[in-house]
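Data first, discussion second: the structure below is written as structure tokens.
Computed from the coordinates by the stated procedures, all read-outs in this text should not be read as laboratory data. Just so it is clear, the structure is predicted and the values come from calculations on it, not from any experiment. Virtual Cβ from ideal backbone geometry, glycine too; neighbours counted across all protein chains shown.
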Amino acid sequence: EAGVAQSPRYKIIEKRQSVAFWCNPISGHATLYWYQQILGQGPKLLIQFQNNGVVDDSQLPKDRFSAERLKGVDSTLKIQPAKLEDSAVYLCASSLGLGRDKSYEQYFGPGTRLTVT
Amino acid sequence: SQQGEEDPQALSIQEGENATMNCSYKTSINNLQWYRQNSGRGLVHLILIRSNEREKHSGRLRVTLDTSKKSSSLLITASRAADTASYFCATGDLYNFNKFYFGSGTKLNVKP
């Protein structure tokens, strides 16, 4: 089965510019996650979707970050305007999300490495 | 914060030795997972243990969970150079079963 796809893989922007990341989860996975991983740290959840609805966005800096999951499949994460501290790897993950053991397993994409200068 | 904390932060062993890393967390959980991250394959799920389980095995991996101490350990037996990676525990939120908090990871280096 195809894995989680993300693009672009790398992005370099200047502060105050905008950037968007795209994610295509594994087919049939109801739950989609966006994580931010700063170098040397573990992934930090930004937003969690169940189908096309937001379940948790408590750690999403909503003044500059936005995300959507149209039709419950693909998702985009946008940063506008970017700050230096946004430099990180942005990981997308998906899971079956059915409330049973195997469904908790998250499948991660390769990530997008963002550098803000 | 419910985020788990791994210990040690870094571990260096010889091939063939066993590696043990620990995870501590602060609030009650639904389940706990361990993930591995290396540059070649990204973040990969290793094993899940539910809050009512005490031990689980998968190949060379053994995970224990002590909910009274709010801690878990991951043992990798007969380590290989290919096990070199960062290992993260992810604790499952008690009320949002699909929400997980990742720790800061243990960086394991297995020397050939």
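Under the rule of at least 5 residues apart or a separate chain, name every residue whose amide H is placed under 5 Å from the amide H of residue B:15.
Under 5 Å from the amide H of residue B:15 lie the amide H atoms of B:111, each far enough along the sequence or on another chain.
Viscosity 0.890 mPa s, temperature 25 °C: give me the Stokes-Einstein translational D for chain A in µm²/s, with Rh taken as the Kirkwood radius over C-alpha pairs.
Result for D is 173 µm²/s.
Just how far, in whole angstrom, is the range B:1-50 from the range A:3-49 if you go by their alpha carbon centroids?
So the two Cα centres are separated by 21 Å.
Counting Lys +1, Arg +1, Asp -1, Glu -1, what net charge surrounds residue A:17 among other residues with beta carbon under 14 Å of its beta carbon?
+4
Apply the a/c threshold of 1.5 to the C-alpha gyration tensor of the range A:49-117 and tell me whether it is rounded, prolate or oblate.
The shape class here is prolate.
Per residue of A:106-113, count partner chain C-beta atoms within 10 Å of its C-beta, then hand back the mean as an integer.
3
Let me know the Rg and Dmax you get for the range B:8-85 when you use only its Cα atoms, in Å.
Computed over the Cα atoms of the range B:8-85, radius of gyration and Dmax are 12.9, 36 Å.
Points 7 angstrom from Cα along the Cβ direction at residue B:54 and residue B:10: gap in nanometres?
Using points 7 Å along Cα→Cβ, the separation is 3.7 nm.
With Cβ to Cβ distances under 10 Å as the rule, what net charge do the other residues near residue A:49 carry (K, R +1; D, E -1)?
Taking every other residue near residue A:49 into account, the sum is -2.
Could I have the simple spin-label model distance between residue A:113 and residue A:38, label points 7 Å from Cα toward Cβ, reported in nm to one decimal?
For residue A:113 paired with residue A:38, the spin-label model returns 1.9 nm.
How much length would be gained if the chain were fully extended between residue A:83 and residue A:5, taking 0.36 nm per residue of separation minus their Cα-Cα distance, in nm to one decimal?
So the chain would gain 25.5 nm between residue A:83 and residue A:5.
For residue B:112, what is the net charge nearby, where nearby means another residue's Cβ is under 14 Å from its Cβ and Lys, Arg count +1, Asp, Glu -1?
After counting each charged neighbour, the total is -1.
Which value in nm describes the separation of the simple spin-label points at residue A:14 and residue A:73, placed 7 Å from the Cα toward the beta carbon?
Taking the two extended label points, one gets 3.8 nm.
So which lysines pass the test for residue B:26, namely a Cα distance under 23 Å, with those fewer than 8 places away in the same chain ruled out?
Here the lysines satisfying the reach criterion relative to residue B:26 are A:44, B:56, B:69, B:70, B:99, B:107.
So if the hydrodynamic radius of the protein assembly as shown is defined as the Kirkwood radius over C-alpha pairs, what does Stokes-Einstein give as its diffusion coefficient at 25 °C and 0.890 mPa s, in µm² per second?
Approximately 136 µm²/s, per Stokes-Einstein.
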